[in-house]
Amino acid sequence: MKKYTDTAVSKTLELLAIDSPTGFCSRAAAWVKAEFEKLGFDARMTTKGGVLVDFGGEGDGLLLEAHADTLGAMVAEVKGNGRLRVSPLGGMRAENGETENVRVYTRCGKIYEGTLQLCNASVHVNSDYGTVSRSFDTTEVLLDEDVKDASSVRGLGIEVGDIVCFDTRAHVTESGYIKSRFLDDKLSVGILLGLAEAIADGECTLKRRVYAHITVYEEVGHGGSASVPAGVTEAISVDMGCVGDGLSCTERMVSICAKDSGGPYSYDVVGTLIEAAKVSGAEYAVDVYPHYGSDVEATLRGGADIRHGLIGAGVYASHGYERSHVEGVANTLKLLKAYLEM
Ligand SMILES: [Zn+2]
């Protein structure tokens, strides 16, 4: 699986380089569609902006879901001091974005650089620097432009509703750790591209009809709520696996989620995923996620009559500067391949 693991990691890095906070995913989706088409698969854009891919196969349908949308922010106010107050897109937290470089995308097609900073950010000046609780009201985007008031900011074409994208700082270490913002869930989109390449090469034989839906509104809860192809009886979210206190997964493993905030996953699907992990020799963990909701739960809430599961490579420091590992990617691919061949 080395070839497909390498593909997964390199495609993840390519996708991470395309800014795509939730609600601003058209460039990322066009890239995703083209990548699956290059591998010879039929891929189409959904009306909502996601990408539905047909992997082929016969029989009852299995839908794999991963999301290309990420956290980010939106300009909520052009302030009198020439700074921007922003509102989070998805579960972005000010604590995690503070001091990060950002790009502001205007509707007139210009991109401006800036940084999310605490208001009055100099420690030599602000006596409350250490005690102010960080929120999107106590932080602001400081534009790297010569602007001192609202009208000069508007003169650049920046307006309320513009999109603010955070630097990913994507980096793969010699030791195989993958560090970046938004591995949730671009790492899984990369993994599905690796899996697609294995299917295209004939290295993974489908025992049923398989589709992939790369969704674009997961971070706000309705990514997977529609576009379930006819004949699909099972759906699996391929999304980041939780790593933290009280859980057994690490970044080097594939996580199988038994239950999250939306309740238990299908007992049968979880059981079969465990069996597939054992058969494939993948290093895996079964965990209960304390604060988590997935696309496949949106699919169920959208009314689909399906059995559901959730797996993904372990990701630490989720929704912050996240970390996973190449072995976590390899183990997720091993599990997926074995599952599709069962
Ligand atoms: Zn996610």
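The values are calculated or read from the model by the stated rules, or taken from the named source; none is laboratory data. Only a predicted model underlies this, so the values are computations on that prediction, with no experimental measurement involved. FYI the Cβ positions are ideal-geometry reconstructions off the backbone, even for glycines, and counts take in every protein chain you see. Note: accessible area is taken over every heavy atom of the protein model, side chains too, but ligands, DNA and RNA are not part of it. Shrake-Rupley method; radii C 1.70, N 1.55, O 1.52, S 1.80 Å.
In table form, for the structure just shown:
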quantity	calculated
Cross-chain or 6+ apart pairs with Cβ under 6 Å, the range 155-176 first and in contact (Cβ under 8 Å) with a residue 60 or more places away in the chain, then among the hydrophobic types (A, V, I, L, M, F, W, C) and in a loop (DSSP other than H, G, I, E, B)	Ile163/Phe24; Thr168/Phe182
Positions within the range 18-69 being hydroxyl-bearing (Ser, Thr, Tyr), out of contact with any Leu (no Cβ under 8 Å at 6 or more places or on another chain) and away from the ligand (no atom under 16 Å from the Cβ), in sequence order	Ser26, Thr47
Single condition Glu275 does not satisfy, out of (1) open to solvent by less than 40 Å² (accessible area, probe 1.4 Å); (2) part of a helix (DSSP H, G or I); (3) away from the ligand (no atom under 15 Å from the Cβ)	(1)
Residues satisfying the stated conditions in the range 233-272, i.e. open to solvent by 50 Å² or more (accessible area, probe 1.4 Å), more than 15 Å from the ligand (Cβ to nearest atom) and not in a helix (DSSP H, G or I)	Asp245, Gly246, Ser248, Thr250, Arg252, Lys259, Pro264
Search result, residues across the range 290-337 that are buried (at least 24 other Cβ atoms within 10 Å of the Cβ) and assigned to a loop (DSSP other than H, G, I, E, B)	Ser294
